[in-house]
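The values are calculated or read from the model by the stated rules, or taken from the named source; none is laboratory data. Owing to the predicted nature of the structure, the values given are computational and were not obtained by experimental measurement. Ideal geometry is used to build each Cβ from the backbone, glycine not excepted, and the neighbour counts take in all protein chains shown. Accessible surface is based on the protein model in full, side chains and every heavy atom, while ligands, DNA and RNA are left aside. Shrake-Rupley method; radii C 1.70, N 1.55, O 1.52, S 1.80 Å.
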Amino acid sequence: MSAERGSGEVLVLRPGPVGDDLDAVTPALTGAFAAAREALEAGRPVAVVLDAGDLLGQGSPLDAAVATGLVGMVRTLGIEGAKPGWRVNVVAGGEGDEAAVEETVAMLAGSSLTGQLLTVGGANLGKVVP
């Protein structure tokens, strides 16, 4: 999991691929939760950037598990943090969608959206998304 400061001090979390390493799933999820919670409590918005293919189960099953677990985390933090004004969202894009992902993350710096899954690019066109 990499964490970086994005536009407007948004904490950007990007999980790395876990492939077939079952032992990497728990640290990926708990690390993301700890980093997100710390940033949110400090008043910083959080964007979790995922590969849209992982949400569609097009990669490894464990990468899909991490991706969908992070979407669930974001939705829960969005609900739990509504009163204190936490802003946490997922941005998912496919190969070649990097610019659209970065634009969306930058937009989130000034947005009141929270708990949302935002997909950019064409990776999900014609596919059912969870």
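When the dipole is taken about the Cα centre of region 9-56, and only Lys, Arg (+1) and Asp, Glu (-1) are charged at their Cβ, what size is it in debye, to the nearest 20?
220
Charges only on Cβ, +1 for Lys and Arg, -1 for Asp and Glu: so what's the dipole of the chain about the Cα centre, in debye to the nearest 20?
580
Within the chain, which whole H helices from DSSP have a Cα span along their axis of at least 27 Å and a mean Kyte-Doolittle hydropathy of 0.5 or more, if any?
Helix filter hits for the chain: 61-80.
Modelled label-to-label distance, residue 111 and residue 38, 7 Å Cα→beta-carbon offset: nm?
Using points 7 Å along Cα→Cβ, the separation is 2.5 nm.
If I stretch the segment between residue 68 and residue 30 completely, what's the gain in nm (0.36 nm per residue apart, minus their alpha carbon distance), one decimal?
Full extension from residue 68 to residue 30 adds 12.3 nm.
Could you provide, to the nearest whole Å², the per residue accessible area of the chain with probe 1.4 Å?
51
Counting only DSSP beta bridges with both residues in region 2-119, tell me the antiparallel percent, nearest 5.
The antiparallel fraction comes to roughly 25 percent.
Find the relative contact order for the chain and round it to a whole percent, using C-alpha pairs within less than 8 Å whose residues are 6+ positions apart.
RCO, the chain: 27 percent.
Could you work out what % of the accessible surface of the chain is carbon and sulfur, using a 1.4 angstrom probe and leaving DNA, RNA and ligands out of the count?
The computed percentage sits at 53.
Given q = 0.09, 0.11, 0.20 Å⁻¹, what are the Debye log10 I(q)/I(0) values for the chain, with equal point scatterers placed on the Cα positions and solvent ignored?
-0.22, -0.33, -1.14
For residue 119, which sequence-distant residues (separation of 5 or more, or a different chain) have an amide H within less than 5 Å of its own amide H, given hydrogens modelled in the peptide plane?
Long-range HN contacts for residue 119: 92.
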